[in-house]
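Have a look at the structure below, then the notes.
What follows is calculated from the coordinates using simple rules that are stated; it is not laboratory data. This structure is a prediction, so every number in the text was calculated from the model and none was measured. With ideal geometry, Cβ positions are generated from the backbone for all residues, glycine too; neighbour counts draw on all protein chains shown.
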Amino acid sequence: SDGRVINFGAGPSALPASVLEEAAKGLLNFNGTGIGIAEISHRSKEFTAFLAEVESLIRSQLDVPETHGILFTQGGGSAQFSAVVLNLLARHHLLNPDLPERDLDYVITGSWSKKAAEEARRLGGGRVNVVVDARASSKDGRTFDSIPAHASYSFTSPNPALIYYCENETVDGVEFSNDASSPASFPFHLLPQNTPLLPLVGDYSSSFMSRPIPRLADHAIIYAGAQKNIGPAGLTILIVRKDCLVDVDAAAKLGAAPVPLTMAYKTLADNSSVYNTPAVLPIYISGLVLRRSAEQGGVQYYEALNKRKADKLYAAIKEGEARGVFRAKVKEGSGSLMNVVFDVVGDGAEAKFISGAEALGMKAIKGHRSVGGIRVSLYNAVTEEQTDAIVAFMKSFLAQ
Ligand code: PMP
């Protein structure tokens, strides 16, 4: 064997071995150029063609309409916490030059959306409103353990500069449901109705390409770091509605904060994502992953597969809960298909669980340092057989 284990890490995370083998060849010789992918100019015709293919692989699999551009940048989800605020405040200044105050509306369902709201507060330039904070309806009033009921959202700003949500909370293991009839779906119907071009922002860092994106066309910005479902860290993918490609310098003259050019969506778009050197190698590996996912049936294929994988894991947690061995951390119906979190009950039981899994070649299941417990991430590259392996281990742990 090549010594590889099953990697349930939350990000960076598992990538398909077949892609890594192909990428290793490209590292030596990209596309017959005789130059490796980490060595070739980002302006070469071969890389330019590859980048265009990556864009079209995303566009076709997610059904991105022509109203939206697809952009590639760096800085991860964290840089986008800042960039969305700066770009959409600039847009808001251009559309509404004389407002005394600007609203930034945040839906807070977990650690990442909380962090995004904190960054917006740091940057200033608008009043941060909390549309809902899921902790208020949690079991203990402190943790993020569910997607709140629709009745608890208050979208009260008539003309916000942005409305932000995070589709999948990687740390806390809660995710909006893709089923519009589920109480855990995103309440699109409650959004302000008088704003035709909604400034809706979705952080899809840890669920991008794992299934279709509901109401994609209604979003202003969708962004995702590559390092969960599709590639190495270092690449951030943006889907940007074209009215959000604004002249940030014109906005600054009206009083908006200046926007660094590398963060301005218009700069990225005007330069086809190569204003400066992009993350060439991560784009390459992500492109290979996206080619493979297109061959397999795209996001519809992964949605069905990811649902089956997660269902198996949640069933095992439930079985363990009935026996007092495991404890679910997330309320039923709100559980993420990507990051499944639970506790192992009892003194020393968690350490025993982790070392037992490691002994069988299953790694990276320790929960995020801020919440503890176990987190098993089931991104696209984690196979159903690998999921079956951890489920079998959980069952054997119960039998001990
Ligand atoms: N948003 C979500 C949902 C995430 O999972 C992460 C990273 N785990 C981030 C934002 C931050 O991304 P990055 O580390 O790429 O800055």
The one condition Leu197 fails out of (1) within 16 Å of the ligand (Cβ to nearest atom); (2) free of Cβ contacts under 8 Å to residues at least 60 places away in the same chain; (3) in contact with a helix residue (DSSP H, G or I) (Cβ under 7 Å, 6 or more places away or on another chain); (4) in a loop (DSSP other than H, G, I, E, B) is (1)
Among residues of region 169-186 being more than 29 Å from Glu55 (Cα to Cα) and more than 14 Å from the ligand (Cβ to nearest atom), the residue surrounded by the fewest Cβ atoms within 10 Å (Cβ to Cβ) is Ser181
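Residue check: is Ala23 surrounded by fewer than 16 Cβ atoms within 10 Å (Cβ to Cβ) and either over 20 Å from Thr267 (Cβ atoms) or aliphatic (A, V, I, L, M) (or both)? Working first, answer last.
On the way: surrounded by fewer than 16 Cβ atoms within 10 Å (Cβ to Cβ): no; either over 20 Å from Thr267 (Cβ atoms) or aliphatic (A, V, I, L, M) (or both): yes.
Against the criterion (surrounded by fewer than 16 Cβ atoms within 10 Å (Cβ to Cβ) and either over 20 Å from Thr267 (Cβ atoms) or aliphatic (A, V, I, L, M) (or both)), Ala23 does not qualify.
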Inside region 271-328, the number of residues satisfying the requirement of being under 30 Å from Ala49 (Cα atoms) and in a helix (DSSP H, G or I) is 23
Any chance Ala79 is closer than 16 Å to Ile222 by Cβ and either of a type in the set (A, V, I, L, M, F, W, C) or part of a loop (DSSP other than H, G, I, E, B) (or both): yes
Of those in region 201-212 that are within 9 Å of the ligand (Cβ to nearest atom) and within 20 Å of Ser60 (Cβ to Cβ), the residue farthest from the chain's Cα centre (by Cα) is Ser207
In the set Asp140, Asp98, Asp105, the lone residue that is surrounded by 18 or more Cβ atoms within 10 Å (Cβ to Cβ) and of a type in the set (Asp, Glu) is Asp105
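Of all residues in region 213-252, which are part of a loop (DSSP other than H, G, I, E, B) and within 16 Å of the ligand (Cβ to nearest atom)?
Of all residues in region 213-252, those part of a loop (DSSP other than H, G, I, E, B) come to 213-215, 219-220, 226-235, 245-247.
Within region 213-252, Ile213, His219, Ala226, Gln227, Lys228, Asn229, Ile230, Gly231, Pro232, Ala233, Gly234, Leu235 meet the criteria.
Sort out which residues of region 82-102 are assigned to a helix (DSSP H, G or I) and free of Cβ contacts under 8 Å to residues at least 12 places away in the same chain, and write them in order of number.
Of all residues in region 82-102, those assigned to a helix (DSSP H, G or I) come to 82-95.
Scanning region 82-102 gives a single hit, Leu95.
Kindly establish whether Ala149 is in contact with a Ser or Thr (Cβ under 6 Å, 6 or more places away or on another chain) and over 30 Å from Pro282 (Cα atoms). If you could, list the steps in order and put the result at the bottom.
On the way: in contact with a Ser or Thr (Cβ under 6 Å, 6 or more places away or on another chain): no; over 30 Å from Pro282 (Cα atoms): yes.
The answer is no for Ala149.
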Exception for Pro282 within (1) away from the ligand (no atom under 16 Å from the Cβ); (2) in contact with a Gly (Cβ under 6 Å, 6 or more places away or on another chain) falls at (1)
Pairing a residue in region 308-332 that is among the hydrophobic types (A, V, I, L, M, F, W, C) with any residue that is loosely packed, with under 13 Cβ neighbours inside 10 Å and part of a loop (DSSP other than H, G, I, E, B), where Cβ atoms lie under 8 Å and the two sit 6 or more apart in sequence or on different chains, gives Val325/Gly346
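Hey, among Phe30, Phe47, Phe72, which residue is among the aromatic types (Phe, Trp, Tyr), buried (at least 17 other Cβ atoms within 10 Å of the Cβ) and under 27 Å from Asp203 (Cα atoms)? Lay out the reasoning, then the answer.
Values: Phe30 fails: under 27 Å from Asp203 (Cα atoms); Phe47 fails: under 27 Å from Asp203 (Cα atoms).
None of the others qualify; the one that does is Phe72.
hydroxyl-bearing (Ser, Thr, Tyr) and within 16 Å of the ligand (Cβ to nearest atom): which single residue out of Tyr106, Tyr153 fits that description?
Tyr106
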Within region 77-103, residues being more than 30 Å from Asn229 (Cα to Cα) and within 11 Å of the ligand (Cβ to nearest atom) number 0
Expected output for region 31-48 (first residue on the phi > 0 side of the Ramachandran plot, partner surrounded by 14 or more Cβ atoms within 10 Å (Cβ to Cβ) and among the hydroxyl-bearing types (Ser, Thr, Tyr), Cβ below 9 Å, 6+ apart or cross-chain) is none
